[in-house]
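Notes follow the structure.
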Amino acid sequence: IRDSNPSSGLGDVYKSQTNNSTNAGAGIYAEKISIFSTIMSLFEGNRANIIGGGIYAKETKYVRNIRTVFIGNSAKGGAAHSSRSVSLTVNILCMYHANIVSIVGGAIYSREDELFYNYLSKFRENKALETNGGVFDVYKINTLSINQSNFQLNYAEKDGGAINVINMKKFHSIHCFFKQNSANRNGGAVHVKSGMFLSNINSSFYHNKGI
């Protein structure tokens, strides 16, 4: 989906996107959209040859995923959801399970975004092969805020079994649960490098493993 008039916006998307294949955004590719929403949607078994197995959003003002499920999607970057230069991304009550990325970015790859807000979501058995961040791989973001979310059995071949954040201004982890996530390098659950403000409030970490 490309829109030459970003002010027109894109309404809610309810359809399931399964077993699609393309270079970017195998489920949905959205560029220069004001509002891009997926509500009660399913993205399963989609494969991007390059980036964004389920969704790829680029230069979009507002992306929101509500009660959306991402299962078994794959890409070289951002197996389930990839975004670049997005003003605001909101994930609420979403589930990410068994998504696999091979080169850059985990289940979610965010690059040069302003604000990514995640609330009441579950992330289980996602894998970053040969790269960082089994679930989140975030680079050059203003603010990443993750609230009341559950991370279990996620894996990264390099840093950040669940979350890898590089070059950010603010990162908040609030009331989150991290269990049995693993990385072959640093940060079995979370790896953060280069930033201004990191806060972890009332979160629990159990049996995570980093080398």
Per the filter on region 128-157, residues in contact with a Phe, Trp or Tyr (Cβ under 8 Å, 6 or more places away or on another chain) and of a type in the set (S, T, N, Q) are Thr143, Ser145, Asn147, Gln148, Ser149, Asn150, Gln152, Asn154
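Rundown of residues vs (1) under 14 Å from the mean Cα position of the chain (by Cα); (2) modelled with pLDDT of 95 or more; (3) over 25 Å from Arg67 (Cα atoms), yes/no style:
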residue	(1), (2), (3)
Leu153	no, yes, no
Glu157	no, yes, yes
Ile163	yes, yes, no
Ile174	no, yes, no
Ala183	no, yes, yes
Gly187	no, yes, yes
Ser204	no, yes, no
How many residues of region 166-188 are assigned to a strand (DSSP E or B), touching a Gly at 6+ places or on another chain (Cβ under 9 Å) and open to solvent by less than 20 Å² (accessible area, probe 1.4 Å)? The answer is 4
Note on region 29-43: residues over 14 Å from Thr89 (Cα atoms), open to solvent by 10 Å² or more (accessible area, probe 1.4 Å) and in contact with a Gly (Cβ under 8 Å, 6 or more places away or on another chain) are Tyr29
Of the residues in region 81-109 that are closer than 19 Å to Glu130 by Cβ and of a type outside the set (Val, Ile, Thr), the one that is surrounded by the fewest Cβ atoms within 10 Å (Cβ to Cβ) is Ser102
Counting only residues that are part of a loop (DSSP other than H, G, I, E, B), open to solvent by 10 Å² or more (accessible area, probe 1.4 Å) and of a type in the set (A, V, I, L, M, F, W, C), region 115-152 contains a total of 2
(1) closer than 12 Å to Ala80 by Cα; (2) at pLDDT 95 or above all hold for Phe116 apart from (1)
Within region 189-209, residues touching a His at 6+ places or on another chain (Cβ under 8 Å), open to solvent by less than 40 Å² (accessible area, probe 1.4 Å) and part of a strand (DSSP E or B) come out as Ser199
Scanning region 111-140 for residues that are β-branched (Val, Ile, Thr) and out of contact with any Ser or Thr (no Cβ under 6 Å at 6 or more places or on another chain), the one nearest to Tyr56 (Cα to Cα) turns out to be Val135
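The values are calculated or read from the model by the stated rules, or taken from the named source; none is laboratory data. Computed from a predicted structure; not experimentally measured. Glycine also receives a Cβ, built like all others from the backbone with ideal geometry; neighbour counts cover every protein chain displayed. Heavy atoms of the whole protein, side chains included, go into the accessibility calculation; ligands, DNA and RNA do not. Shrake-Rupley method; radii C 1.70, N 1.55, O 1.52, S 1.80 Å.
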